[in-house]
1. For residues in the range A:235-246 being in contact with a strand residue (DSSP E or B) (Cβ under 9 Å, 6 or more places away or on another chain) and over 19 Å from residue A:62 (Cβ atoms), which is nearest to the other protein chains (Cβ to nearest Cβ)?
2. Which ranges mark the strands (runs of 3 or more DSSP E) fully within the range A:190-262 that have 3 or more residues being surrounded by fewer than 18 Cβ atoms within 10 Å (Cβ to Cβ), within 18 Å of the chain's Cα centre (by Cα) and in contact (Cβ under 8 Å) with a residue 12 or more places away in the chain?
3. Can you pull out every residue in the range A:143-153 that is out of contact with any strand residue (DSSP E or B) (no Cβ under 9 Å at 6 or more places or on another chain) and in contact (Cβ under 8 Å) with a residue 12 or more places away in the chain?
4. Given the conditions (1) under 30 Å from residue B:244 (Cα atoms); (2) touching a strand residue (DSSP E or B) at 6+ places or on another chain (Cβ under 9 Å), which single one is not true for residue B:136?
5. Please determine whether any residue of the range B:20-37 is more than 20 Å from residue B:207 (Cα to Cα) and in the same structural domain as residue B:167 (by TED's automatic domain parsing).
6. Of B:5, B:56, which residue is away from chain A (no Cβ under 14 Å) and part of a strand (DSSP E or B)?
7. Exactly one condition in (1) under 18 Å from the mean Cα position of the chain (by Cα); (2) more than 25 Å from residue A:141 (Cβ to Cβ); (3) crowded, with 22+ Cβ neighbours inside 10 Å is false for residue A:72; which is it?
8. Given the structure, is residue A:122 touching a strand residue (DSSP E or B) at 6+ places or on another chain (Cβ under 6 Å), crowded, with 17+ Cβ neighbours inside 10 Å and more than 14 Å from every other protein chain (Cβ to nearest Cβ)?
């Protein structure tokens, strides 16, 4: 199985992209809804949670781990890799960075994400190593997650808040914008409208799914280990009446959630 | 010590009110910042967290437990009382209900709170038992917590969102509004402005602090057990650079946060 985890249900945007590319293999998803969100929490706490989530997926038979959460991808990957030696990990930061690197013409890249992702400084390091001429401008956009989870996708307040978050980045003249949080693709239309035609968007869900598909296609050993087909199996650490409709918003199809008993 | 806990830092509004009334006794606070918020989580998960938080406070010497969290007060009190027999518990729902009951003239009461608080139905039950003629109108207002935690206290988007949440309650003709979440008193000015002069606000922090002060004043045994004075001791389950300024916003004074090592 392909294991995917996120702090909550936002990572289902990654499952949606995976289903479009590798739907011959079974996907196992874990959303840590009992402790969500991660983006306002410390790197230390986020790392502890990420280890527990990975353990859950491996115990249930995952052979590949896809970290759909940008906050975990920014802060916990080295620890995860050393803790779970030999397990192939995929995360959303590196492919998003690569895509932005290939897209930018004027070498001015922008990024919106959670506070913890932005303050991790990981994108700054990646761009500085790849091309010191690239200037990266970042702005934490913490209100977008609650607005999306409330389903306020077309309200004037959401449009106004998106605009506020983008103004400082537009003033820097960026031509590429990384949506560094699994939730943000849901607001792609408004973000794209407020960013303007000249700014290209990087959607991490698409990039990581592309990378996973490529890895599997070129790895016969892994292909043999992966269970084939079946509906994605979705687990959460907490379940409220509200969650199935949120999950459906991300996955764009009806979905059954299973609650983990700790 | 007087133990106080909340899902995060919002419960410091209760500590502030306690300091104004019983500052001769030491206060021990626990904010579960590693798992905050509670208001979007299930009653089952919230109850499990509440038991762990109470254990922490009792182990560190608390003799009274004040549940500053509205979500816990709405869902977990019977379990807490049966789990920790003999421990005096105070919660924010009952005193807020009593205050609203005494304030309303036209018997039309409104309430804003988290989803879990609103769907618990506890206020509906209390009012129905006390006076079946009272009609209670509720509206979940889940975006207010993130807006407050972001410090967006005077932004036009916040004003507009507050207005949206109040419209259906005003249309019901309420004359009293319960602010059923520890965070909301921070927005009291905007809420009061948008509610209009004819609606009186009930602030749970003031009501529970008043009740605790009254209990202690009339209970010599408890007075002997409580450690006197000293600065409030504030513990959190997660710590980020952002938290001390959020804590200061609620407590209206500089504050040192201690992180629990689980």
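The values are calculated or read from the model by the stated rules, or taken from the named source; none is laboratory data. Bear in mind that the values here come from a model prediction, so they are computed numbers and not experimental data. Cβ atoms come from the backbone with ideal geometry, glycine included; neighbour counts cover every protein chain shown.
1. In this case the residue turns out to be A:238.
2. Qualifying strands (runs of 3 or more DSSP E): none found.
3. Scanning the range A:143-153 gives A:143, A:145, A:147, A:148, A:149, A:151, A:153.
4. (1)
5. no
6. Just a single option satisfies the conditions, and that option is B:5.
7. Single failed check for residue A:72: (2).
8. Against the criterion (touching a strand residue (DSSP E or B) at 6+ places or on another chain (Cβ under 6 Å), crowded, with 17+ Cβ neighbours inside 10 Å and more than 14 Å from every other protein chain (Cβ to nearest Cβ)), residue A:122 does not qualify.
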